[in-house]
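Worksheet: the structure to be examined is printed underneath.
The values are calculated or read from the model by the stated rules, or taken from the named source; none is laboratory data. Quick caveat: nothing in here was measured; it's all calculated off a predicted structure. Methodologically, a virtual Cβ is constructed for each residue, glycine included, from the backbone with ideal geometry; neighbour enumeration extends over all protein chains shown.
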Amino acid sequence: MPLNRLAVQSLRNLNAVDIDLSDRINLFYGQNGSGKTSVLEAVSVLGQGRSFRSHKLKTLVGNDKDHFTVFGHVVDASRQTPIGVMRSKKGDSLFKVDGKLVSAASSLAECLPLQVINAQTFQLLDGSPKQRRQFIDWLVFHVEHDFFIAWKGLQRCLKHRNSLLRRDRIAAAELAPWDRELCLLAEKIDTFRSQSLQLFIEAFEALVVEFVQLDDLKLQYLRGWDKDRPLADVLAEGLDRDCRQGYTSVGPHRADLRITVGGQLAADILSRGQMKLLVCALRIAQGYVFSQQTQRRCLYLIDDLPAELDSDYQAIMARWLVALNCQVLITGVDRLVLEAPWGEYPEISKSVFHVEHGNVVAADKASTTKTQ
Ligand SMILES: Nc1ncnc2c1ncn2[C@@H]1O[C@H](COP(=O)(O)OP(=O)(O)OP(=O)(O)O)[C@@H](O)[C@H]1O
Ligand SMILES: [Mg+2]
């Protein structure tokens, strides 16, 4: 789902950017502090309602401004969908897809599926289980239509159950309806996740050998409670502990993806470089399964690729991104270094942009860019 136009107002140091993007490779180069990451943040705001860099929305609004706007056109085979986001320092927000107001960021995500690769995403391996759950659920959300309803139901159910657990005294009868609902939703969510992960693991195993040579690399899905026992039994057994702690300690909200090499956690034994390559392979495999399952393509935002990977691995990344046939926005400080991995693919449409003091100018095709 390429984004063919991006217009940004008052987001960080980007004051008035309006550019036409290539539906394949887009390279943004410029000095430190020029606004490259901000361009990618603007796209992530469009596809997620928020930035990948910070949850503090206020910091995104340009200094001395009270709101920012991001606008774009998402192109499908048959049509062009306008999509826009406005957020203010006061906390107001407005999301629009195809001319209609939408209330949830999930509507933006459906319209513009994104994968982000930056220094933080490399924490997928050594960060908290929440990050790996979000990783798993990205694919499930896009592939299984009923997943999001079940997931929202789970959040609601946990909120009620946990607030009951925090009361001084609770009767088993009060918890029973929430436990029943939790078990039903857990079953659904677990089934969706296992099905998507099965497809994902197959794609990942075929791909990872090219990225990084690791003997006995294994991905194991942990569903959040004992794999051999019904959740109802595990909940009943853990009730005293849950009451003491004031929250539900087992269930799909505790799922994780265990990534091991030779039986040990990858995060404990891999070098920083090996971890980065592994995370790139994980994200590329997701885009591959997404395309296969939905006949759509996701957009990759890759922040400062040359700083993260050496030239051989950038070349491997380029090959996979070309094979995925998806749209990519990549940043880097040096133009030549940024362009180098793409030299082998002259047939692929490529746009290069120079970012300077918050202005974004097409480096070779000045006529396609309107910078104010
Ligand atoms: N709310 C804001 N209003 C105005 N400027 C901001 C705001 N937040 C950050 N900035 C500034 O915007 C500029 C662009 O930051 P950005 O992170 O996009 O730069 P960059 O080109 O990615 O730099 P680097 O190469 O160091 O990663 C920086 O100078 C930063 O200080
Ligand atoms: Mg940056």
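Per the listing 200, 211, the residue uniquely at pLDDT 95 or above and assigned by TED's automatic domain parsing to the domain that holds residue 261 is 200. Regarding residue 62, is this residue small (Gly, Ala, Ser), closer than 30 Å to residue 337 by Cβ, without any contact (Cβ under 8 Å) to a residue 40 or more places away in the chain and within 16 Å of ligand 1 (Cβ to nearest atom)? Criteria not met by residue 62. In a residue-by-residue description of the stretch 294-307, the property of being in contact (Cβ under 8 Å) with a residue 12 or more places away in the chain, under 26 Å from residue 196 (Cα atoms), outside the structural domain of residue 208 (by TED's automatic domain parsing) and within 16 Å of ligand 1 (Cβ to nearest atom) applies to at least one position. Residue 74 passes every criterion in (1) touching a residue at least 40 places away in the same chain (Cβ under 8 Å); (2) in contact with a helix residue (DSSP H, G or I) (Cβ under 7 Å, 6 or more places away or on another chain); (3) within 14 Å of ligand 1 (Cβ to nearest atom) apart from (3). Of all the residues in the stretch 62-91, those that are part of a loop (DSSP other than H, G, I, E, B) and either of a type outside the set (Lys, Arg) or in contact with an Asp or Glu (Cβ under 8 Å, 6 or more places away or on another chain) (or both) number 10.
Scan the stretch 186-200 and give yes if some residue there is in contact (Cβ under 8 Å) with a residue 24 or more places away in the chain and of a type in the set (Phe, Trp, Tyr), otherwise no. Yes, the stretch 186-200 contains at least one residue that is in contact (Cβ under 8 Å) with a residue 24 or more places away in the chain and of a type in the set (Phe, Trp, Tyr).
Taken as a whole, the condition of being surrounded by 22 or more Cβ atoms within 10 Å (Cβ to Cβ), touching a helix residue (DSSP H, G or I) at 6+ places or on another chain (Cβ under 7 Å) and closer than 25 Å to residue 296 by Cα applies to residue 47. Restricting attention to the stretch 11-24, the residues that are crowded, with 20+ Cβ neighbours inside 10 Å, touching a Leu at 6+ places or on another chain (Cβ under 9 Å) and not hydrophobic (A, V, I, L, M, F, W, C) total 1. Taken over the stretch 209-222, the criterion of being within 28 Å of residue 253 (Cβ to Cβ) and crowded, with 20+ Cβ neighbours inside 10 Å is satisfied by 221 alone.
For the stretch 8-24, give me each residue that is of a type in the set (Lys, Arg) and within 11 Å of ligand 1 (Cβ to nearest atom). Break it down into steps so the answer makes sense when it comes.
At the first step, the residues of the stretch 8-24 found to be of a type in the set (Lys, Arg) are 12, 24.
If the condition is that a residue be of a type in the set (Lys, Arg) and within 11 Å of ligand 1 (Cβ to nearest atom), then 12 is the only one that fits.
Checking the structure you have, find out if any residue of the stretch 247-263 is under 30 Å from residue 299 (Cβ atoms), of a type in the set (S, T, N, Q) and in contact (Cβ under 8 Å) with a residue 12 or more places away in the chain. Among the residues of the stretch 247-263, not one is under 30 Å from residue 299 (Cβ atoms), of a type in the set (S, T, N, Q) and in contact (Cβ under 8 Å) with a residue 12 or more places away in the chain, which makes the answer no.
Among the candidates 220, 245, the residue that is of a type outside the set (Lys, Arg) and at pLDDT below 95 is uniquely 245. Of the residues making up the stretch 350-363, one or more are closer than 27 Å to residue 108 by Cβ, at pLDDT 90 or above and part of a loop (DSSP other than H, G, I, E, B).
A quick yes/no check of all residues on (1) among the basic types (Lys, Arg); (2) part of a helix (DSSP H, G or I); (3) touching a residue at least 24 places away in the same chain (Cβ under 8 Å):
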residue	(1), (2), (3)
151	no, yes, yes
162	no, yes, yes
170	no, no, yes
176	no, yes, no
210	no, yes, yes
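Exactly one residue out of 40, 3, 27, 94 is away from ligand 1 (no atom under 16 Å from the Cβ), touching a residue at least 60 places away in the same chain (Cβ under 8 Å), in contact with a Leu (Cβ under 8 Å, 6 or more places away or on another chain) and not aromatic (Phe, Trp, Tyr), and it is 3. Counting only residues that are in a strand (DSSP E or B) and of a type in the set (S, T, N, Q), how many does the stretch 312-349 have? The qualifying residues number 2. Here 258, 229, 244, 283 are screened, and the one residue that is assigned to a strand (DSSP E or B) and in the same structural domain as residue 195 (by TED's automatic domain parsing) is 258.
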